[in-house]
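Engineer: Below you'll find the structure I mean.
The values are calculated or read from the model by the stated rules, or taken from the named source; none is laboratory data. Bear in mind the structure is a predicted one, so any value in this text is a computation, not a measurement. Every residue, glycine among them, receives a Cβ derived from its backbone with ideal geometry; neighbour counts consider all protein chains shown.
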Amino acid sequence: MAKKSEADRADELRALINHHNERYHVLDSPEISDAEYDALVRELREIETDHPELATPDSPTLAVGAAPSSLFAEVRHQTPMMSLDNAQTEAELQGWADRLVRLAPDLDLASLEFSCEPKVDGVAMSLTYEDGRFVQAATRGNGVVGEDVTANVATVRSVPRELARAAAPFPGRLAVRGEIYMPRAEFDALNERQAAAGGKVFANPRNSAAGSLRQKDPKMTAARPLAFWAYQMGELETEGTQANRSKPGKGWSPASQSEALAQLKVAGFPVSPDARRVTGLEAVMKRCRELEERRHDLPYEIDGVVVKVDNLALHQTLGQTSRAPRWAIAFKFAPEELSTRLVDIEVSIGRTGRATPFARLSPIFVGGSTVQLATLHNEDQVALKGVRPGDMVLVHKAGDVIPEVVGPVLDHPDQPKRRRPRWRFPTECPSCGGPLVRLPGESDTYCTNIDCSAQRVQRIVHFASRGAMDIEGLGDQRVVQLVAAGLIADPADLYGLETGGLVALEGLGELSAANLLGAIEASKRQPLSRLLVALGVRHVGPTVARDIASAFGSLHALMAAPSGALAAVDGVGQVIADSIVGFLANPANTHVLERLVAAGLTTEQPGAAGAGTAGAGVEQTLAGKSVVVTGAVEGYTREEAEAAIVERGGKSPGSVSKSTFALVLGESPGASKLTKAESVGTPILDAAGFAKLLATGELPPA
Ligand code: IVH
């Protein structure tokens with residue numbers, strides 16, 4: 001007998017799952033993430049398996065989706081639209097495959113063919129065609145009865161009105177199953193437009209696709225950038241109708257899922273180019289890993305891979321449960337959205353004094369790493385998201401993307417009944433106690449105290465960071481410690497540090513002190529472009545800094561340059577020029593700069609015209625040519641590679657344009673230069689090609 005608490009828990013789970021089904025399927029406004037929903041279903045299924053007496057005939061573990069809403073007419077599916085079981089690990093995928101062998105003992109998993117298809121995150125749809133003509137579109141609903149959304153789906157451009165002639169003769173009646181989805185780029189653009197118009201902003205492409213389909217007025221749907229992918233042939237009447245007496249062509253009796261997809265393509269349906277037929281379970285797992293790695297590069301959102309036994313005759317043998325076929329499974333990727341507690345909202349101070357609110361979260365593992373902090377950008381964003389300290393919130397983290405708080409999950413079981421008061425932006429700097437000021441018309445708030453120690457710390461951290469002077473061993477913690485001990489207050493002070501002062505600090509022995517001083521000393525040899533980045537001038541990042549350093553060659557020439565000369569540099573312009581001039585007009589800045597120069601920092605850009613090392617005697621193989629470098633090339637740092645180009649009479653700007661002669665691709669290249677080069681057809685060179693280019697000025701044969 002099951003314990004009383006398990007019976008209670010099963011009841012509770014059923015109520016919860018039904019509630020969330022409605023939020024997701026009917027209201028298009030889920031309150032919990034897919035992963036949390038799946039966990040509830042799993043828990044209920046486990047209880048029901050262990051205690052069959054607790055299973056109920058109306059349990060959501062047996063059902064598909066939710067009952068259709070009353071907004072649309074009902075459509076009864078001729079063959080039910082089923083759900084899919086899912087596997088979250090490779091072991092579970094293996095478990096599914098082992099079950100196939102138990103059902104069909106002749107199967108050999110190493111030679112069995114599978115169709116692996118991206119599991120696009122959208123809305124399942126059944127399209128009906130009669131004599132090759134589109135007549136109806138229906139949602140999945142509860143799997144048996146769905147909603148008639150024909151008028152809305154008719155506005156989706158990639159849904160063919162008529163089947164392509166190449167697929168004639170057509171079946172008398174044909175059901176095509178697939179997914180209506182919103183491409184990622186269209187989703188971002190739609191949300192931007194919605195936000196600008198003060199309208200509803202969607203949480204993800206799936207919700208926006210579902211919301212767009214469930215419009216009373218098809219004109220509303222037509223205005224939304226929806227697309228369709230066909231993934232399954234549903235029922236098919238092999239006899240023609242009165243109007244169409246011919247037997248459908250051979251392609252309409254596929255022997256496998258991959259043949260069915262090929263035929264759908266011939267008939268004019270979009271089919272995912274990322275669907276693959278593979279042989280053996282090992283290859284299935286490899287394909288799943290591949291797609292998981294590439295998921296963020298795809299132009300549409302996927303949450304897993306649907307793995308189907310390819311041979312359709314085997315589908316009959318393997319059969320189905322009440323809700324899902326046994327011949328297919330959804331391999332689900334690790335979740336990128338989970339809810340957790342927003343412990344508190346705090347404010348951090350940046351090097352410019354900007355006060356940025358951020359969320360301190362109960363740690364959760366999401367999108368491949370543990371997240372406990374997430375930026376909230378500014379005061380307006382906190383209000384827009386509507387989150388309050390103590391709330392349960394949905395956290396989104398995808399790959400390398402910065403974690404984001406999506407919004408509160410007010411119906412989460414752990415959400416407090418009484419919410420804490422709305423958060424207010426503090427009026428005093430958490431670091432120095434000075435006033436925090438938000439200027440009218442601006443979204444950012446600033447600590448205006450120039451002596452604020454948090455600002456000092458951040459300025460020095462930025463100075464030492466990888467893209468700037470790259471001083472190893474000088475991270476946040478160390479800088480905080482040095483500032484607190486009164487050893488440094490600005491970047492120039494770094495060059496006056498001595499062993500004696502350092503070893504007195506906690507956690508710094510002779511060896512680490514020597515290493516740190518060595519790294520600081522080495523940074524003096526960084527080229528001018530790095531120094532320009534390190535100074536933290538507004539709008540001056542690595543690309544602009546390199547363009548300026550190459551153009552002027554030395555700090556001396558740069559400081560003497562009028563604003564017009566700066567603005568005339570390729571890629572600079574007036575705004576950046578004004579920012580540099582403004583920076584240099586501030587005596588506090590020039591004072592630090594003078595002390596840096598006095599400490600012996602390099603103030604020249606090696607190889608640049610006008611710099612001490614300009615290439616006398618080197619053959620000018622690249623005269624008039626513009627060659628862009630991304631990443632470090634074998635045998636050169638990026639700066640050295642650029643210097644080599646300039647030395648030979650060429651230019652090496654920080655970005656690719658139509659007039660770029662070649663792009664040299666090193667290690668850890670930047671994606672934007674590569675993408676741009678590919679789109680404008682710039683030749684791309686490796687280290688060997690670069691060597692040839694330097695020597696001869698010519699491109700290696702393509
Ligand atoms: S096959 C009986 N293939 O995943 C076969 N489904 O629960 C049922 N989905 O919302 C579906 N991509 O719309 C299949 N390539 C694909 C799919 C796919 C996405 C969706 C489907 C449904 C869910 C399955």
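Engineer: Report, ordered by the first and then the second residue, all pairs with beta carbons closer than 9 Å, sequence separation of six or more or different chains, a first member in region 293-310 that is farther than 22 Å from residue 82 by Cβ, and a second member that is among the small types (Gly, Ala, Ser) and more than 9 Å from the ligand (Cβ to nearest atom).
Structural biologist: So the pair list comes out as 295/398; 295/399; 296/398; 296/399; 299/185; 300/227.
Engineer: For region 158-188, name all the residues that are within 16 Å of the ligand (Cβ to nearest atom) and acidic (Asp, Glu).
Structural biologist: Here is the first cut: in region 158-188, the ones within 16 Å of the ligand (Cβ to nearest atom) are 158-159, 175-184.
Listed by number, the list holds a single entry, 179.
Engineer: Does residue 474 satisfy the criteria of being crowded, with 20+ Cβ neighbours inside 10 Å and over 30 Å from residue 575 (Cβ atoms)? Spell out how you get there, then give the answer.
Structural biologist: Values: crowded, with 20+ Cβ neighbours inside 10 Å: yes; over 30 Å from residue 575 (Cβ atoms): yes.
In short, yes.
Engineer: Which of the numbered conditions does residue 418 fail, given that it passes all the others? Conditions: (1) part of a loop (DSSP other than H, G, I, E, B); (2) touching a residue at least 12 places away in the same chain (Cβ under 8 Å).
Structural biologist: Failing condition for residue 418: (2).
Engineer: Could you please give the count of residues in region 159-178 that are under 27 Å from residue 324 (Cβ atoms) and either of a type in the set (Gly, Ala, Ser) or under 36 Å from the mean Cα position of the chain (by Cα) (or both)? Can you show your working first?
Structural biologist: Within region 159-178, the first condition is being under 27 Å from residue 324 (Cβ atoms), and the residues that meet it are 159, 171, 173-178.
Pick out the ones that are also either of a type in the set (Gly, Ala, Ser) or under 36 Å from the mean Cα position of the chain (by Cα) (or both) and you get 159, 175-178.
Total satisfying the criteria: 5.
Engineer: I'm trying to understand the selection: among the residues of region 638-660, which are farther than 15 Å from residue 530 by Cα and over 32 Å from the mean Cα position of the chain (by Cα)?
Structural biologist: 644, 645, 646, 647, 648, 649, 650, 651
Engineer: Also, I was wondering about something else. Can you pull out every residue in region 684-698 that is in contact with a Ser or Thr (Cβ under 9 Å, 6 or more places away or on another chain) and either surrounded by 12 or more Cβ atoms within 10 Å (Cβ to Cβ) or touching a residue at least 60 places away in the same chain (Cβ under 8 Å) (or both)?
Structural biologist: To start, the set of residues in region 684-698 that are in contact with a Ser or Thr (Cβ under 9 Å, 6 or more places away or on another chain) comprises 693-698.
Answer for region 684-698, where residues must be in contact with a Ser or Thr (Cβ under 9 Å, 6 or more places away or on another chain) and either surrounded by 12 or more Cβ atoms within 10 Å (Cβ to Cβ) or touching a residue at least 60 places away in the same chain (Cβ under 8 Å) (or both): 693, 694, 695, 696, 697.
Engineer: Pick out the one residue from 131, 58, 85, 121 that is without any contact (Cβ under 8 Å) to a residue 60 or more places away in the chain and acidic (Asp, Glu).
Structural biologist: Details: 131 fails: without any contact (Cβ under 8 Å) to a residue 60 or more places away in the chain; 85 fails: without any contact (Cβ under 8 Å) to a residue 60 or more places away in the chain; 121 fails: without any contact (Cβ under 8 Å) to a residue 60 or more places away in the chain.
Being without any contact (Cβ under 8 Å) to a residue 60 or more places away in the chain and acidic (Asp, Glu) holds for just one of 131, 58, 85, 121, which is 58.
Engineer: Restricting the search to region 279-332, which residues are within 13 Å of the ligand (Cβ to nearest atom) and of a type in the set (S, T, N, Q)?
Structural biologist: The answer is 320, 321, 322.
Engineer: Return the only residue of 100, 107 being more than 34 Å from the chain's Cα centre (by Cα) and either closer than 17 Å to residue 237 by Cα or away from the ligand (no atom under 16 Å from the Cβ) (or both). Give the steps one after another, and end with the answer.
Structural biologist: On the way: 100 fails: either closer than 17 Å to residue 237 by Cα or away from the ligand (no atom under 16 Å from the Cβ) (or both).
Matching residue, one of 100, 107: 107.
Engineer: Another question about this same structure. State yes or no: is residue 112 in contact with a strand residue (DSSP E or B) (Cβ under 8 Å, 6 or more places away or on another chain), at negative phi and more than 14 Å from the ligand (Cβ to nearest atom)?
Structural biologist: Numbers: in contact with a strand residue (DSSP E or B) (Cβ under 8 Å, 6 or more places away or on another chain): yes; at negative phi: yes; more than 14 Å from the ligand (Cβ to nearest atom): yes.
Against the criterion (in contact with a strand residue (DSSP E or B) (Cβ under 8 Å, 6 or more places away or on another chain), at negative phi and more than 14 Å from the ligand (Cβ to nearest atom)), residue 112 qualifies.
Engineer: Same structure again: May I ask you to list the residues in region 183-208 that are under 16 Å from the mean Cα position of the chain (by Cα), within 17 Å of residue 222 (Cβ to Cβ) and part of a loop (DSSP other than H, G, I, E, B)?
Structural biologist: Matches in region 183-208: 183 only.
Engineer: Can I ask one more? I need every pair where a residue in region 312-337 that is farther than 23 Å from residue 285 by Cβ has its Cβ under 8 Å from the Cβ of a residue that is of a type in the set (A, V, I, L, M) and near the ligand (Cβ under 9 Å from one of its atoms), sequence separation at least 6 or different chains.
Structural biologist: Within 8 Å, the pairs are 320/82; 323/64; 323/82.
Engineer: Show the residue pairs that are 6+ apart or on different chains and have beta-carbon atoms under 7 Å apart, the first residue being within region 568-581 and more than 15 Å from residue 533 (Cα to Cα), the second being part of a loop (DSSP other than H, G, I, E, B).
Structural biologist: Once the first residue is more than 15 Å from residue 533 (Cα to Cα) and sits in region 568-581, its partners that are part of a loop (DSSP other than H, G, I, E, B) give 570/653; 571/653; 571/654; 571/655; 575/539.
Engineer: Go through 150, 139, 155 for me and flag whichever is under 36 Å from the mean Cα position of the chain (by Cα), within 14 Å of the ligand (Cβ to nearest atom), within 19 Å of residue 215 (Cα to Cα) and among the β-branched types (Val, Ile, Thr).
Structural biologist: Values: 150 fails: within 14 Å of the ligand (Cβ to nearest atom); 155 fails: within 14 Å of the ligand (Cβ to nearest atom).
After applying the criteria, what remains is 139.
Engineer: Can you name the number of the only condition in (1) in contact with a helix residue (DSSP H, G or I) (Cβ under 8 Å, 6 or more places away or on another chain); (2) closer than 21 Å to residue 331 by Cα; (3) of a type outside the set (Val, Ile, Thr); (4) more than 15 Å from the ligand (Cβ to nearest atom) that residue 122 fails?
Structural biologist: Residue 122 satisfies all of (1) in contact with a helix residue (DSSP H, G or I) (Cβ under 8 Å, 6 or more places away or on another chain); (2) closer than 21 Å to residue 331 by Cα; (3) of a type outside the set (Val, Ile, Thr); (4) more than 15 Å from the ligand (Cβ to nearest atom) except (4).
Engineer: Of the conditions (1) away from the ligand (no atom under 16 Å from the Cβ); (2) modelled with pLDDT under 85; (3) of a type outside the set (Val, Ile, Thr), residue 204 fails just one. Which one is it?
Structural biologist: Looking at each condition in turn, residue 204 falls short on (1).
Engineer: Where in region 524-591 are the helices (runs of 4 or more DSSP H), entirely inside, with at least 2 residues that are more than 32 Å from the chain's Cα centre (by Cα)?
Structural biologist: Numbers: elements: 528-534, 542-552, 555-560, 563-567, 574-585.
Hits in region 524-591: 542-552, 555-560, 563-567, 574-585.
Engineer: Moving to a separate point now. Have a look at 393, 382, 406 and point out the one that is among the hydrophobic types (A, V, I, L, M, F, W, C), buried (at least 19 other Cβ atoms within 10 Å of the Cβ) and in a strand (DSSP E or B). Walk me through how you get there before you give the answer.
Structural biologist: Numbers: 382 fails: in a strand (DSSP E or B); 406 fails: buried (at least 19 other Cβ atoms within 10 Å of the Cβ).
On inspection, the qualifying residue turns out to be 393.
Engineer: Follow-up question, since we're still on this one. So residue 282 clears everything in (1) touching a residue at least 60 places away in the same chain (Cβ under 8 Å); (2) within 22 Å of residue 181 (Cα to Cα); (3) of a type in the set (Asp, Glu) except one condition, right? Which one?
Structural biologist: Unmet for residue 282, out of (1) touching a residue at least 60 places away in the same chain (Cβ under 8 Å); (2) within 22 Å of residue 181 (Cα to Cα); (3) of a type in the set (Asp, Glu): (2).
Engineer: Looking for whichever is closer than 30 Å to residue 435 by Cα and in contact with a helix residue (DSSP H, G or I) (Cβ under 9 Å, 6 or more places away or on another chain) here; the options are 519, 513, 485, 545. Which one fits?
Structural biologist: Working: 519 fails: closer than 30 Å to residue 435 by Cα; 513 fails: closer than 30 Å to residue 435 by Cα; 545 fails: closer than 30 Å to residue 435 by Cα.
Exactly one residue qualifies, and that residue is 485.
Engineer: Let me ask something else about it. Can you name the condition, by its number, that residue 425 falls short on among (1) within 16 Å of the ligand (Cβ to nearest atom); (2) surrounded by 14 or more Cβ atoms within 10 Å (Cβ to Cβ); (3) part of a loop (DSSP other than H, G, I, E, B)?
Structural biologist: (1)
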